Amino acid sequence: MSKRVDINSLGNLPPGMFEKINRSNAHIDEAGRKSLTAWQDIKIRLLGNKLAMTGFWIIIAIIICAICIPFFSPNDHFTNDLTNTNQPPSAAHWFGTDDLGRDLLERTWKGAQISLFVGLMAALIDLIIGIIYGGIMGYYGGKVDEVMNRFAEILYSIPYLLVVILLLVVMEPSLTTIIIAMSITGWINMAWIVRGQIMQLKNQEYALASKSLGAGAMRIIFRHLIPNAMGPILVTLTLTVPSAIFTEAFLSFLGLGVQSPVASWGTMIDDGRSAMTIYPWRLLFPAFLLSLTIFAFNVFGDGLRDAFDPKLKK
């Protein structure tokens, strides 16, 4: 039989050994809450990363300005005004004018539209091809993985910029050509990331259970495995965008990208380079916004990586 102990008989015990715990209603409510899901936990960690959120809001601000400023601006970025050339920043022209009298505020944010569009589209194409190619490699493994991986390695061994420049020389430079050229080998890193994740996840219980119930390979890959690998995929995607934006600016700077009179940050930096000592504003604004955009994407991507895997945080 169990023996009942009278707490009053424990008077010889050291004080403080037994201490009453005061539980407030807040503690009781907290104990009764449901546990956070993985995505909710990631969201909390990301929102708590001040530097990453600063990068995120800078990106949002740049996108809003790129959409709204050209729409509401009274000036035309195509129209030449030879009576108003190389004017410094003023109330009439906040970013000044170029050597043809074109408003640089309008051209800078029109250039932002081009640069952001190329960066986002190239990253999206890399994402789609990388998920399909990497998913098939990782799921099937064996000879399929070996052959597909060797092909990717051979393609990756060709210098990226060399492929892009050669294609742009052969084909007429345009936005479509630039995006296609950057996507020829740009998807390989994404494919390898997806491959590694799928190889780790395909033997998990939920994947094996789905397979035992008769689900096909594509259903298992895209319904079960890819959603569980979205962390590294999203981080890679976020860091792909600034690389694509820089590549477009570099190509346009060399005269192989967007052609005048269409504006991009690369063409504007090229135009302002020759006049930087006399008319520095022509180079300052597009170069600053290009650098700020790349910095913001990289910072946000690093914060996203830390949110998905805190162990990677230094």
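Take the conditions (1) farther than 14 Å from L239 by Cα; (2) open to solvent by less than 60 Å² (accessible area, probe 1.4 Å); (3) modelled with pLDDT under 90; L289 misses just one of them, which is (3).
The criterion of being modelled with pLDDT of 90 or more and under 19 Å from I129 (Cα atoms) holds for A191.
Answer yes or no as to whether I136 is open to solvent by less than 50 Å² (accessible area, probe 1.4 Å), out of contact with any strand residue (DSSP E or B) (no Cβ under 9 Å at 6 or more places or on another chain) and at pLDDT 85 or above. Answer is yes for this residue. State whether one or more residues within segment 167-184 are of a type in the set (S, T, Y) and exposed (fewer than 13 other Cβ atoms within 10 Å of the Cβ). Scanning segment 167-184, I find at least one residue that is of a type in the set (S, T, Y) and exposed (fewer than 13 other Cβ atoms within 10 Å of the Cβ), so the answer is yes.
Every residue, every condition in (1) under 27 Å from T238 (Cβ atoms); (2) at pLDDT 90 or above, yes or no:
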residue	(1), (2)
L47	yes, no
G55	yes, no
N75	no, no
N80	no, no
P89	no, no
T97	no, no
R102	no, no
G111	yes, no
L116	yes, yes
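Among the residues of segment 200-225, those that are open to solvent by less than 80 Å² (accessible area, probe 1.4 Å) and assigned to a helix (DSSP H, G or I) comprise L201, A207, A209, S210, A217, I220, I221, H224, L225. Residue by residue through segment 226-243, note down the ones that are without any contact (Cβ under 8 Å) to a residue 40 or more places away in the chain and surrounded by fewer than 18 Cβ atoms within 10 Å (Cβ to Cβ). Residues satisfying the conditions are P227, N228, M230. Of all the listed residues (L47, L82), the sole one being farther than 18 Å from P286 by Cα, surrounded by fewer than 16 Cβ atoms within 10 Å (Cβ to Cβ) and touching a residue at least 12 places away in the same chain (Cβ under 8 Å) is L82.
A single entry from D81, D126 fulfils the requirement of being charged (D, E, K, R) and not in a helix (DSSP H, G or I): D81. Considering only residues that are open to solvent by 40 Å² or more (accessible area, probe 1.4 Å) and closer than 22 Å to L175 by Cβ, which ones fall in segment 262-280? V262, D270, D271, listed by residue number. Residues in segment 175-199 that are over 20 Å from the mean Cα position of the chain (by Cα) and free of Cβ contacts under 8 Å to residues at least 24 places away in the same chain: T176, T177. Take the conditions closer than 23 Å to F250 by Cα, open to solvent by 30 Å² or more (accessible area, probe 1.4 Å) and under 29 Å from the mean Cα position of the chain (by Cα) and apply them to K110. Does it pass? Considered against the rule, which asks whether it is closer than 23 Å to F250 by Cα, open to solvent by 30 Å² or more (accessible area, probe 1.4 Å) and under 29 Å from the mean Cα position of the chain (by Cα), K110 comes out as yes.
Residues in segment 226-265 that are closer than 26 Å to L167 by Cβ and outside any helix (DSSP H, G or I): L254, G255, L256, G257, V258, Q259, S260, P261, V262, A263, S264.
The values are calculated or read from the model by the stated rules, or taken from the named source; none is laboratory data. Everything numeric here is computed off the predicted structure, so don't read it as measured data. In this analysis, Cβ positions are derived from the backbone assuming ideal geometry, glycine residues included, and neighbour counts consider all displayed protein chains. Note: areas computed on protein heavy atoms with side chains; ligands, DNA, RNA excluded. Shrake-Rupley method; radii C 1.70, N 1.55, O 1.52, S 1.80 Å.
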